[in-house]
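J.: Quick one: the structure is below, questions incoming.
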Amino acid sequence: MSNDEKRVNEARYHVVAELAGMEGISAHFTTHRFRPHFHDTFLVGVTERGAEVFEARGGTHISSAGSLRLLNPGEVHTGRPPESGTWTYRCLYPPEHLLKEIALDLGCGASVYFRHMVVADAFLARELLAAFETLDRPATRLERASRFRGVLSRIVATLSEGRVRPMSAVKREPRALAAAEALIGDRFAEDFSLEDLSREAGMSPFHLVRVFKARRGLTPFAFQSQLRVQRAQAELRRGRSVHETARICGFFDRSHLTKVFRMFVGVTPTIYRRAVADSVR
């Protein structure tokens, strides 16, 4: 039995302090499945071994070993290993301002957009893995920053189309949905009902769920869960305890936070808190 076969679900969270605290993850999954979610950053990853099966942009896609994975901010997606298979990968979450800064430096304008979600580019995959290796071994801050910035620059230069993300053709009903999103954003930690949300939006609960998902790619409940997890990440970065974070962010208790957090982030709140705390020492 290989080492990969002995491992089930393992993950480490990283913070690249040399690049504005950019976050990332290194993981090996056999049974873990990410529920539909989005990031407020870009996603730039590489499948190291095995394969990833994910749903995004209305279809099912596969990222095999040696492939790059790219997503734009706000794009809803899932992620899991194949049936009877494993998925080992490394992934960065570059903030928008970082890639825009890189694009400007390259003379590409300030707009960054990745049209292809899976790219087979062995050279860029090796370069990204080499950058991640500086997190596993002694490395100077200059080397680490140079490797990560270098590979991100090459990815932006060769794979970004430099245009604004296209809007969906789905009818938006913008005012009603904006009202619903505002309520969820303002009261994400509260236990409000779907009826409360539908009254705020001025439409039936059924219609609200349908059009909300058409716009956001998530149901109102899933969107609320996403906001709770994002706020939990912010609290943990500030050094807040897991128990207190659960209370502040609307989770029933620590175990509830841990279960939901891991579905969205891939690691437990304790592992995440330790990773971000270590980055500022």
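J.: Any residue in region 129-144 that is touching a Leu at 6+ places or on another chain (Cβ under 7 Å) and open to solvent by less than 50 Å² (accessible area, probe 1.4 Å)?
T.: no
J.: Continuing with this model, one more query. Only one of (1) under 17 Å from Phe132 (Cα atoms); (2) surrounded by fewer than 21 Cβ atoms within 10 Å (Cβ to Cβ); (3) modelled with pLDDT under 95 is not met by Arg12, so which one is it?
T.: Of everything listed in (1) under 17 Å from Phe132 (Cα atoms); (2) surrounded by fewer than 21 Cβ atoms within 10 Å (Cβ to Cβ); (3) modelled with pLDDT under 95, Arg12 misses just condition (3).
J.: Another question about this same structure. Considering (1) open to solvent by less than 40 Å² (accessible area, probe 1.4 Å); (2) assigned to a helix (DSSP H, G or I); (3) in contact with a Pro (Cβ under 8 Å, 6 or more places away or on another chain), say which one Leu218 fails and leave the rest.
T.: (2)
J.: So is Arg210 surrounded by fewer than 14 Cβ atoms within 10 Å (Cβ to Cβ), in a loop (DSSP other than H, G, I, E, B) and on the phi < 0 side of the Ramachandran plot or not?
T.: no
J.: Turning to a different aspect of this structure: Would you check which residues across region 54-102 are open to solvent by 20 Å² or more (accessible area, probe 1.4 Å) and among the basic types (Lys, Arg) and list them?
T.: Selection gives Arg57, Arg80, Arg90, Lys100.
J.: Could you please let me know if Ala189 is more than 30 Å from Arg274 (Cα to Cα) and more than 19 Å from the chain's Cα centre (by Cα)?
T.: So Ala189 fails the test.
J.: Further question: Pairs needed: first member in region 100-117, free of Cβ contacts under 8 Å to residues at least 12 places away in the same chain; second member anywhere, among the aliphatic types (A, V, I, L, M) and open to solvent by less than 20 Å² (accessible area, probe 1.4 Å); C-beta distance under 9 Å; at least 6 residues apart or different chains.
T.: From region 100-117, the pairs are Ala110/Ala103.
J.: Okay, next question. Looking only at region 198-207, count how many residues are open to solvent by less than 40 Å² (accessible area, probe 1.4 Å) and either under 18 Å from Ala277 (Cβ atoms) or outside any helix (DSSP H, G or I) (or both).
T.: Total meeting the criteria: 1.
J.: Is region 3-24 home to any residue that is closer than 18 Å to Val119 by Cβ, in a strand (DSSP E or B) and free of Cβ contacts under 8 Å to residues at least 60 places away in the same chain?
T.: No, region 3-24 has no match at all.
J.: Please specify each residue of region 27-53 satisfying the condition of being more than 15 Å from Arg80 (Cβ to Cβ), open to solvent by 10 Å² or more (accessible area, probe 1.4 Å) and touching a residue at least 60 places away in the same chain (Cβ under 8 Å).
T.: Residues satisfying the conditions are Phe38, Asp40, Glu48.
J.: Given the condition under 20 Å from Leu43 (Cα atoms) and open to solvent by 40 Å² or more (accessible area, probe 1.4 Å), answer yes or no: does some residue in region 244-264 qualify?
T.: yes
The values are calculated or read from the model by the stated rules, or taken from the named source; none is laboratory data. Remember, it's a predicted structure, so these values are computed and weren't measured experimentally. All Cβ positions, even for glycine, are placed from backbone atoms using ideal geometry, and neighbour counts span all protein chains on display. All accessible areas refer to the heavy atoms of the entire protein, side chains included, with ligands and DNA or RNA removed. Shrake-Rupley method; radii C 1.70, N 1.55, O 1.52, S 1.80 Å.
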